[in-house]
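Beneath this line is the structure, given in structure tokens, with notes to follow.
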Amino acid sequence: MTINIGVIGAGKIVRVRHLPEIQSNPLARIAAICDVVEARAKEMALEYDCKAYFDYQQMLLDPGIDAVIVAATNTTHAEMSIAALQAGKHVLCEKPMATSLSDARKMLDAAKATGKQLMIAQNQRLEPAHVKAREIIQSGELGKILSFTTIFGHPGCEYWAIDGKNTWFFRSEIAGMGVLGDLAVHKLDLMRFLLDDDYTSASATIDTLAKAFPDGTPITVEDNAICTMQTAKGALGSVITSWTYQVELNRTSIYGEKGVMEIYSDPEFPLIVQKSPETGTYFRLGKKSTNIEQVKSGIIDAFVNAIDEGTDVPIPGIEGYKALEALMACYQSAKSGKRVKIGT
Ligand SMILES: NC(=O)c1ccc[n+]([C@@H]2O[C@H](COP(=O)([O-])OP(=O)(O)OC[C@H]3O[C@@H](n4cnc5c(N)ncnc54)[C@H](O)[C@@H]3O)[C@@H](O)[C@H]2O)c1
């Protein structure tokens, strides 16, 4: 069976990740690409020999499309995903799943009502060191996990997104959220996955420290955030995120009763487990993606394989919802100056 995929958004992530990964999957075919900037849709359609659309609603009318990737601006994710599900398509939606919990709930409802698959592109779950780290934690080798620190920062979206300095990522009315929604959402999701745990409370401080629009006025979303999380199994953790680091940092440290785990701190050994200062196990597990150097994320293979085999997608909507719930608690805490409970 060939799974015909329509892609919404012909920007950076689609160019460096989704289109090449669909093309390399023997079960999948790029059926159409849609972007409101017509030249972008046409350029990618020419490169990948598929139809170009400039209005996603039109693309959804195409009966030849089985599944849709939603990879436009954050505030469009919910509307596009719901419309695609209701049009009978499976959906892979980029993170953050939505910009409000009520929108995210509507997405879950639409998936349930239509019986179509909704997967969220929390791709850090698929990275080899994270898969191995989860296995080790689950084996009990590190004992109870007591605390963690996870960091994701880079120099900023102007060096990444298709519109450069004029990117929508810096405008609250289009992005809905700043670096928390762009980068911390990956780590909030990842820690739930690694620890097989849920958050119970969050406290956060956010600020716009340095980023400005080309005219010098500050951007309208936060460019830095520091969050402290508590989990149901009793761990304490910090999630640190930034668009103002001069180099990309994307790493995690996990501290258990019986040992320490370092993930993506050492370029040669993506995973290091130490049970005493003298002894360690050093795992060589392949390269990790950075903004400058992409390696295959596996997100398309995971989505396509589940559809092909008729099994549940590995990162269903509810997982994106849980990460968003934690994210929203961080925003609420930053606003109120108080610790916020999660999931009650
Ligand atoms: N999973 C990851 O690691 C990861 C990494 C980067 C970006 N993302 C997410 O992917 C999404 C896209 O990010 P990007 O970096 O590609 O941004 P980008 O700015 O480079 O591209 C976004 C594209 O969407 C198009 N667009 C905007 N509104 C549209 C609409 N209504 N219909 C069709 N197209 C529309 C824009 O014209 C642009 O070409 C964001 O939600 C972002 O958070 C995820």
Go through the range 10-59 and count every residue that is touching a Ser or Thr at 6+ places or on another chain (Cβ under 8 Å) and either in contact (Cβ under 8 Å) with a residue 60 or more places away in the chain or polar (S, T, N, Q) (or both).
4
From the list Gly259, Gly237, Gly343, Gly320, which one is modelled with pLDDT under 95 and either crowded, with 18+ Cβ neighbours inside 10 Å or on the phi > 0 side of the Ramachandran plot (or both)?
Gly343
Test of understanding: among Ser172, Ser147, which residue is more than 13 Å from the ligand (Cβ to nearest atom), of a type in the set (Ser, Thr, Tyr) and without any contact (Cβ under 8 Å) to a residue 60 or more places away in the chain?
Ser172
Looking at the structure I just gave you, is Ser102 under 24 Å from Ile174 (Cα atoms) and free of Cβ contacts under 8 Å to residues at least 24 places away in the same chain?
yes
Conditions first: (1) buried (at least 21 other Cβ atoms within 10 Å of the Cβ); (2) out of contact with any Phe, Trp or Tyr (no Cβ under 6 Å at 6 or more places or on another chain). Glu248 passes all but one, so which condition is the exception?
(1)
Among the listed residues Lys341, Lys296, which satisfies the condition of being closer than 30 Å to Gln23 by Cα, out of contact with any Leu (no Cβ under 9 Å at 6 or more places or on another chain) and not acidic (Asp, Glu)?
Lys296
Filter result for the condition that a residue is within 15 Å of Tyr321 (Cα to Cα), within 14 Å of the ligand (Cβ to nearest atom) and in contact with a Ser or Thr (Cβ under 9 Å, 6 or more places away or on another chain), over Ala110, Ala98, Ala104
Ala98
Answer yes or no: is there a residue in the range 106-127 that is open to solvent by less than 10 Å² (accessible area, probe 1.4 Å), of a type outside the set (A, V, I, L, M, F, W, C) and over 15 Å from Tyr264 (Cα atoms).
yes
Within the range 21-30, identify whether any single residue is near the ligand (Cβ under 7 Å from one of its atoms), farther than 23 Å from Thr114 by Cα and open to solvent by 50 Å² or more (accessible area, probe 1.4 Å), and answer yes or no.
no
Quick one: in the range 45-79, which of the residues that are acidic (Asp, Glu) and within 11 Å of the ligand (Cβ to nearest atom) is most open to solvent (accessible area, probe 1.4 Å)?
Glu79
Taking the range 1-20 and keeping only residues that are open to solvent by less than 10 Å² (accessible area, probe 1.4 Å), among the β-branched types (Val, Ile, Thr) and within 22 Å of Gly164 (Cβ to Cβ), one is left with Val7, Ile8, Val14
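The values are calculated or read from the model by the stated rules, or taken from the named source; none is laboratory data. Computed from a predicted structure; not experimentally measured. Virtual Cβ from ideal backbone geometry, glycine too; neighbours counted across all protein chains shown. The accessibility values were calculated without ligands, DNA or RNA, using every heavy atom of the protein model including side chains. Shrake-Rupley method; radii C 1.70, N 1.55, O 1.52, S 1.80 Å.
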